[in-house]
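Reading through the structure tokens given below for one structure.
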Amino acid sequence: MTSSSFGKLALAMTAVLALAGCQDGTKPFGFLNKDGADTATAADASGTATKPESSVKLVDRDVEAPDVFQVTDKGLWDGRPSLGGVWAAYPGVTDPERVIIRNPANGKFVIGALFRRELNNPGPKLQLSSDAAAALGLLAGEPATVSVTALRREEAPAPQPATAAKPQTTKPQARPDAKQKSAASNGKIVAKPLDQVTAAAGAAIDKAEAKAAKPAAKPAAKPAPTGRNFLQIGIFSIEANANRSADAVSKAGAQVAVKKERSHGKTFWRVVAGPAATPAARTELLKKVRALGYSDAYFVSK
């Protein structure tokens, strides 16, 4: 065979190899690359890093709200025992409030309730209960400067222990199947028909567009707050006093509970009766409690 014949044969083989590479839809001589190189590149382009999941636990805490109520004035305990635990009364108060009551002279403070005081009562505008006076270190019949500030309950993130950040992960790289790997190791060229390559590319584009057009899922709605079905008897700085009030309400035929809480570094006990889910049940419960002398009891949500 002449040299020109060998040249023609070599040229023909080169053309066949180039045509086969073009039908594969990749680089003309991609089969000369390492196994899975093109596939790995595609996987890297589509893979996304996943962020480590984290959850935040929320806790309730009391925050001072001077815009709701705040007053510094002369306060007085008249020396008579009083029901309802720790409370203060001031003219013009419309709704009962949870408050922090301070004695600036000695730095003592206590958590209690705020009620409306009748204007025709003699003495300073700010009236204190016997439990409030005892917690603040006040003597009966001796007026002293007292500060009262409203409290509001808010949610705040609970402190979380420091943890090491999880490494970001990516999707594993795709590997050729056994048939493709065997054919490549034997030096054979595996070429896909052009129509299959086009169809696969079109399907991938349609899937990506459908995913992008899909609206983001809406966050789950929070449940509606419950009604005010519990009747708060009082707030107490001494647990024994709270238990005595709870016993009296229980003997009157009402379901009662003593709840231990903590705010601003102080521990206190709330006495609540209920729940009373219907208007008739709330009216009956309020009637029983007020008959025991707790005229300032009011309904709360929990």
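The values are calculated or read from the model by the stated rules, or taken from the named source; none is laboratory data. These figures come from a predicted structure and were not determined experimentally. Glycine also receives a Cβ, built like all others from the backbone with ideal geometry; neighbour counts cover every protein chain displayed.
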- Item | the range 233-285 - residue that is under 24 Å from Glu64 (Cα atoms) and among the hydroxyl-bearing types (Ser, Thr, Tyr) and, of those, surrounded by the most Cβ atoms within 10 Å (Cβ to Cβ) | Ser237
- Item | Selection from the range 273-298 of residues that are within 21 Å of Leu128 (Cα to Cα) and touching a Lys or Arg at 6+ places or on another chain (Cβ under 8 Å) | Ala297
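For Ala257, are the conditions met, namely being within 32 Å of the chain's Cα centre (by Cα), under 15 Å from Ala113 (Cα atoms) and either at pLDDT 90 or above or in a helix (DSSP H, G or I) (or both)?
no
Are any residues in the range 260-302 among the basic types (Lys, Arg), outside any strand (DSSP E or B) and either touching a Ser or Thr at 6+ places or on another chain (Cβ under 8 Å) or touching a residue at least 40 places away in the same chain (Cβ under 8 Å) (or both), and if so, which ones?
Listed by number, the residues that qualify are Arg282, Lys302.
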- Task: Within the range 75-106, work out how many residues are modelled with pLDDT of 95 or more and exposed (fewer than 14 other Cβ atoms within 10 Å of the Cβ).
- Result: 3
